[in-house]
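Since the structure comes first, as structure tokens, the remarks are kept for the end.
Each reported figure results from applying straightforward, stated rules to the coordinates on display, with no laboratory input. Since the model is a prediction, treat every value here as computed from it, not as a measurement. Note that we place each Cβ from the backbone using ideal geometry, even for glycine, and neighbour counts take in every protein chain shown.
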Amino acid sequence: MSAPATTDFETIIGLEVHAQLTTKSKMFCPCSVDYYGAPPNTLVCPVCLGLPGALPVINQQALEYVAMTGLALHSTIAERSKFDRKNYPYPDLMKGYQISQYDAPICAQGWLAIDVDGQTKRAALTRIHLEEDVAKLFHRRDPVSGEAYSLVDVNRSGVPLMEIVGEPDLRSPEEARQYLIKLQSILRYLGVSQADMEKGNFRCDANISIRPRGSPTLMSRVEVKNMNSLRSVYRALEFEAQRQRQAVQEGGRVVQETRGWVEERGETVAHRSKEQAHDYRYFPEPDLPPMAFTPEWIEALRRRLPELPDARRERFMRQYSLPPYDAGLLTASRALADLYERCVAGADSKRYKAAANWLLGELSRLLNVTGTDVSEVKITPAGLAELLDLLEAGGINQTAAKEIFEAMFRSGRAPREIMQEKGLAQISGADELGSLVQQTIAANAKAVADYAAGKDTALGFLTGQVMRATKGRANPTVVQQLLRERLAKESVQ
């Protein structure tokens, strides 16, 4: 059914997120989960190869990680749960079925708070369940015959995989992006997943549809896959929302289907039709016992939860008098928040904002430029404190401080040692700067005349000349004071 071109459509988005858990072994066997970069098919055993007669054993830590995630996301932990067989024929399923959960997930309901355009919104969750990851397929083409074929790497098969299913509560690509950012942060705080989209251990499928604003009836839903970064998620959903609007307004209809995001082309393409839901023929896994979670077990897990991003943000605002924006950026990463707290431990309150500025400014810039993780930072809290001491005492200026900070970032050395080696100590002595100031005045007659005529910008120019002559080491405040004194004498004469 077509719609008038003036129809105001609302976008409806629900996300399904798969996060690999950071256990040491796979979900149902003792094989290592550290498959990233490992030679193909080297981290395998009869269980993850799906050989006849091999029996699975439940990974206890994976159960704990899922329950902890559920508690952090305000979910209800089931008293009883079980595993099921999800049957579908695909080459990445070694057994011909996937051990997953159907009607008795570990966690039900819950919500995630996101901030968009200064407003806080709760996005509801449907469920959180546990399953095993599948093998990885590599599609190739013979260079001689041109014949296509696929290779299977079983290393990933059996890695514990947590699926977090959201309700269709998101109304824009930006809300979806913020949802994923917040979820990443929580999983990393908990230490249950690396949550790295680029490495494939944090994957997202999006269900998106549109409807006339105010209407309760959704149009056909499209599932979008192959989004491997936050940027890809945002761009894919932007494109798909516009594509669906255009299709309806031009008299067509939105087909219920699966589409894949093609980054190079900036568009989604049809994968397969989903006019009817696939029948996975779920049935209880006969080789695994049902699970019972006692209130005592759940309460023990609750006590293990760390302080989570939202609570830590509020505490940073209260304890360190930080603006909401700064506190939010610092606490988005547990490693960065930990570093900040180590840097201000025992410090005077006036250091709180200064330390935040350096971590959010220069440190963040260097992390982005070098691709370094916060956990690998070589700068020590004592080093940052010494750098701030030098700045406050006038031993260095801001320009020199940035150069020293970068050297600290790369080497971990003490700032005073770097300052002395590079000759970055600030020149503040009137005797030392006096002759330079006099030479600058003598060499810039026009600027002196402009200053005498009331042009204050001339003082900035003269100050810049002295700074250049000292390679930025002169104290600009002292330089301006000396310039004013000497220029005043010049005008009197």
**Over the stretch 292-424, relative contact order from alpha-carbon pairs under 8 Å, at least 6 apart, %** = 18
**Item:** Phi-based couplings in Hz for the stretch 55-60 (Karplus 6.51, -1.76, 1.60; Gly and Pro marked x)
**Value:** 10, x, 10, 6, 7, 4
**Asked** About its Cα centre, how strong a charge dipole does the chain have in debye, to the nearest 20, once Lys and Arg get +1 and Asp and Glu get -1 at the Cβ?
**Response** 520
**Asked** Helix 430-443 versus the longest principal axis of the chain: what angle, 0 to 90°, nearest 10, using Cα atoms?
**Response** 80
**Prompt:** How large is ³J(HN,Hα), in whole Hz, for each residue of the stretch 243-260 in order, when computed from phi with the Karplus curve 6.51 cos²θ - 1.76 cosθ + 1.60 and θ = phi - 60°, using x for Gly and Pro?
**Reply:** 4, 5, 4, 5, 4, 5, 5, 8, x, x, 9, 8, 8, 6, 7, 9, 10, x
**Message:** Run the reach check for Lys489 against lysines, Cα to Cα strictly under 28 Å, same-chain hits fewer than 8 apart removed. What comes back?
**Reply:** Lys446, Lys455, Lys471
**Complete:** Calculated from DSSP helices alone, with each H run of at least 4 adding -39500 (n - 2.57) and the total divided by the residues of the chain, [θ]222 nm to the nearest 500 comes to -12000 deg cm²/dmol
**Rounded tilt (10° steps) of 398-411 against the dominant C-alpha axis of the chain** = 40
**Request:** Starting from the Cα-Cα distance between Leu55 and Arg484, subtract it from 0.36 nm times their residue separation and give me the gain in nm to one decimal.
**Result:** 145.8 nm
**Message:** Using a Förster radius of 41 Å, what is the FRET efficiency between Thr399 and Gln119 based on their Cβ-Cβ separation? Nearest 0.05, please.
**Reply:** 0.55
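If each residue of separation counts as 0.36 nm, what is the full-extension length gain between Leu137 and Lys455 once their alpha-carbon separation is subtracted? Present the calculation step by step, with values, prior to reporting the outcome.
Details: separation 318, 0.36 × 318 = 114.48 nm, distance 7.11 nm.
Fully extending the segment from Leu137 to Lys455 adds 107.4 nm.
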**Asked** Under a straight-distance cross-link criterion of Cα-Cα below 17 Å, which aspartates and glutamates are reachable from Lys350, leaving out those fewer than 8 residues away in the same chain?
**Response** Asp326, Glu341, Glu386, Asp389, Glu392
**Request:** Specify the inter-centroid distance of the stretch 83-128 and the stretch 184-249, based on alpha-carbon positions, in whole Å.
**Result:** 14
**Asked** Relative contact order, percent, of the chain when contacts are C-alpha pairs under 8 Å separated by at least 6 residues?
**Response** 14
**Prompt:** Considering only the other residues whose Cβ falls under 13 Å of the Cβ of Asn357, what net charge follows from Lys and Arg at +1 and Asp and Glu at -1?
**Reply:** +3
**Item:** Spacing of the two label points (7 Å from each Cα toward its C-beta) at Asp279 and Gln319, in nm
**Value:** 5.7
**Message:** Taking every DSSP beta bridge with both residues inside the chain, roughly what % is antiparallel (nearest 5)?
**Reply:** 90
**Asked** With axes computed from alpha carbons, what is the tilt in degrees of helix 457-469 against the longest principal axis of the chain, rounded to the nearest 10 within 0 to 90?
**Response** 80
**Request:** Using the number of other C-beta atoms within 10 angstrom as an exposure proxy, rank Phe409, Phe461 with the fewest first.
**Result:** Phe461, Phe409
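For each pair in Lys24/Lys182; Lys26/Lys225; Lys182/Lys402, compute the distance between the two Cα atoms and list the pairs where it is over 28 Å.
Lys182/Lys402
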**Message:** Considering only C-alpha atoms, what is the centroid distance from the stretch 399-425 to the stretch 259-335, in Å?
**Reply:** 40
**Request:** Please work out which option in (1) -0.34, -0.45, -0.72; (2) -0.25, -0.34, -0.58; (3) -0.43, -0.56, -0.80 gives log10 I(q)/I(0) by the Debye sum over Cα atoms at q = 0.06, 0.07, 0.09 Å⁻¹ calculated from these coordinates, and answer with its label.
**Result:** (3)
**Request:** Evaluate the relative contact order of the stretch 430-492 (contact order divided by residue number), counting alpha-carbon pairs under 8 angstrom at least 6 apart; express in whole percent.
**Result:** 39
**Fill in**
Non-local residues with an amide H under 5 Å from the amide H of Asn41, with H modelled 1.01 Å from N and Pro and chain starts lacking one, are Val154, Asn155
